[in-house]
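Inspection log for the structure reproduced underneath, given as structure tokens.
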Amino acid sequence: MTPKKKHLKTVVIVMCCVFFFLVKKEKMERGKYLALVGGGALLGSVSTFFLLRLLQSQKRGVSQCSKNVTADFNGVDGCTIARMKIDRVVNEDLLKDEIVSEQLTRNIQFFGFESQQKVTASYVVVIGLGGVGSHAASMLLRSGIGKLLLVDFDQVSLSSLNRHAVATRADVGISKAQCLEEHFSSIFPECQIVAKVLLYDSSTEEEILSGHPDFVLDCIDNIDTKVALLAACVRRGLKVLSATGAGARADPTRIRIADLRESTNDPLSRAVRHRLRKDYGIEGGIPVVFSLEKPKAKLLPFKGTSGEEENPSDYQIVPGFRVRIIPVLGTIPAIFGQFMASFVVTELAGVHVQTEPVVNFDMDHYHTLHQRLIEHEESLYGTSMEVQVDVEEVMYIVKELWHGRSAREQHVKDVGRGMWRSVNELMLVRWDRTKPASISNLILLKFKEVDEHESRTLEDIKENEPEFHSRVSAVLKRAELDFGL
């Protein structure tokens, strides 16, 4: 028996003895009886207080599991915290409970009883419980989802409180999964909640994606993990909704839900799209939440304990996960999460919502440059099989890397109508002829510059034009970083 339990037991025994001793007093005046009643009420309050403290300490003690999980998530077992067994079937009669039906009365009025019953009988997996995932999970819970699996390997930090849905300062240091489980249990205790402190990868795929979930929410911000999860969901035939980059943005009116193929101006979705097509042959068919707004800020420089800029990879706890900081306005990831929850709940209820179409202007220009690249490859190499970019990636190369100007031009100008006045004299060619025509190996040149470039080797350019060689190499290196190559 723990010291707290022994102390509580002693207090209760003493209070009971005092109470029964006073009761045995046969001749007591009216005032003494009132004092006895008051004393009993006081003792009862004290005992209740200690009982609640004990229960809270026992509950909080479970969170030690998340604190003790080591960083080697690929080789060490994670932690599972569950109020109900994960294999328990969702209670389809949950809405027959008067309290539950009253709590969800507005949803029932909106969807109708039968449609809300579909929502309440559903099982949803949320992977990544930060600014986006915590808000998505919170609204899924409040919408009456009957079973939730919450997955994240990370812990609540003080700096994450500007965007987390429920975390408080008291939660700093515990796992994000445990944090949500604790708060959720007081919001909708009838929901079957399973919280797992795990990093998603091939070794945990079965544990996380088994059980036939009705929907999977991908709220991960790491490219490798996100790509692996989306590919696994496609392979398993699971419905999945993915969140792209919510950081460094401020305009909520430009947030959209569309197919992955239609997402633009987002480096994360661009890289994910490229990797899915290259590694798994997946062209699209995955709905994503993204912003049409171009990021307003970049990754902040990483400074070590000395205050000097250092290599971020030297400080990674989990390989492949960033330690540099993306500036985040907390409202935007919250709205991303709300978008995801709304999309999933309406889908589960069988209510079709017509999303606003995404319109890309001037796409004909990029089609022209893409077709010009294919024709040039066929003319020079006899085949276009080594062209590894699509039209959307051509747009990235032209706008983001070369700003609509020839790589030979040193001064970058804004992309605008002036860019298209010169499109008829520009084309994409390989930087290194020995490598395929990929995102990180294509430069934009004027027609009159192409022949000279293709007649020279990179060694010749590096020796005779070191500044030009260095500048182009730096731009192409950025493409590698943007796409996680």
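The values are calculated or read from the model by the stated rules, or taken from the named source; none is laboratory data. Remember, it's a predicted structure, so these values are computed and weren't measured experimentally. Virtual Cβ from ideal backbone geometry, glycine too; neighbours counted across all protein chains shown. Heads up: the accessible areas ignore ligands, DNA and RNA and are worked out on the full protein's heavy atoms, side chains in. Shrake-Rupley method; radii C 1.70, N 1.55, O 1.52, S 1.80 Å.
Is one or more of the residues making up the stretch 388-396 open to solvent by 60 Å² or more (accessible area, probe 1.4 Å) and part of a helix (DSSP H, G or I)?
If we filter the stretch 388-396 for residues that are open to solvent by 60 Å² or more (accessible area, probe 1.4 Å), which is where we start, we get 388.
Adding the requirement that they be part of a helix (DSSP H, G or I) leaves none.
Scanning the stretch 388-396, I find no residue that is open to solvent by 60 Å² or more (accessible area, probe 1.4 Å) and part of a helix (DSSP H, G or I), so the answer is no.
For the residues Lys435, Lys446, the requirement of being surrounded by fewer than 17 Cβ atoms within 10 Å (Cβ to Cβ), at pLDDT 90 or above, under 21 Å from Val391 (Cα atoms) and under 35 Å from the mean Cα position of the chain (by Cα) singles out Lys435.
Among the residues making up the stretch 105-127, a single one is open to solvent by 10 Å² or more (accessible area, probe 1.4 Å), within 25 Å of the chain's Cα centre (by Cα) and not aliphatic (A, V, I, L, M): Tyr123. The set of residues from the stretch 98-117 being free of Cβ contacts under 8 Å to residues at least 12 places away in the same chain and more than 15 Å from Phe188 (Cβ to Cβ) comprises Gln109, Phe110, Gly112, Glu114.
Within the stretch 214-222, identify whether any single residue is more than 20 Å from the chain's Cα centre (by Cα), under 19 Å from Gly337 (Cα atoms) and assigned to a loop (DSSP other than H, G, I, E, B), and answer yes or no. Within the stretch 214-222 (the criterion being more than 20 Å from the chain's Cα centre (by Cα), under 19 Å from Gly337 (Cα atoms) and assigned to a loop (DSSP other than H, G, I, E, B)), the answer is no, since none of the residues qualifies.
Take the conditions surrounded by fewer than 21 Cβ atoms within 10 Å (Cβ to Cβ) and either touching a Pro at 6+ places or on another chain (Cβ under 9 Å) or without any contact (Cβ under 8 Å) to a residue 24 or more places away in the chain (or both) and apply them to Glu190. Does it pass?
Working: surrounded by fewer than 21 Cβ atoms within 10 Å (Cβ to Cβ): yes; either touching a Pro at 6+ places or on another chain (Cβ under 9 Å) or without any contact (Cβ under 8 Å) to a residue 24 or more places away in the chain (or both): no.
No, not satisfied.
Within the stretch 261-270, can you find the residues that are more than 15 Å from the chain's Cα centre (by Cα) and open to solvent by less than 30 Å² (accessible area, probe 1.4 Å)? Spell out the reasoning first.
Initial filter on the stretch 261-270 (more than 15 Å from the chain's Cα centre (by Cα)): 261-265, 270.
Scanning the stretch 261-270 gives Ser263, Thr264, Arg270.
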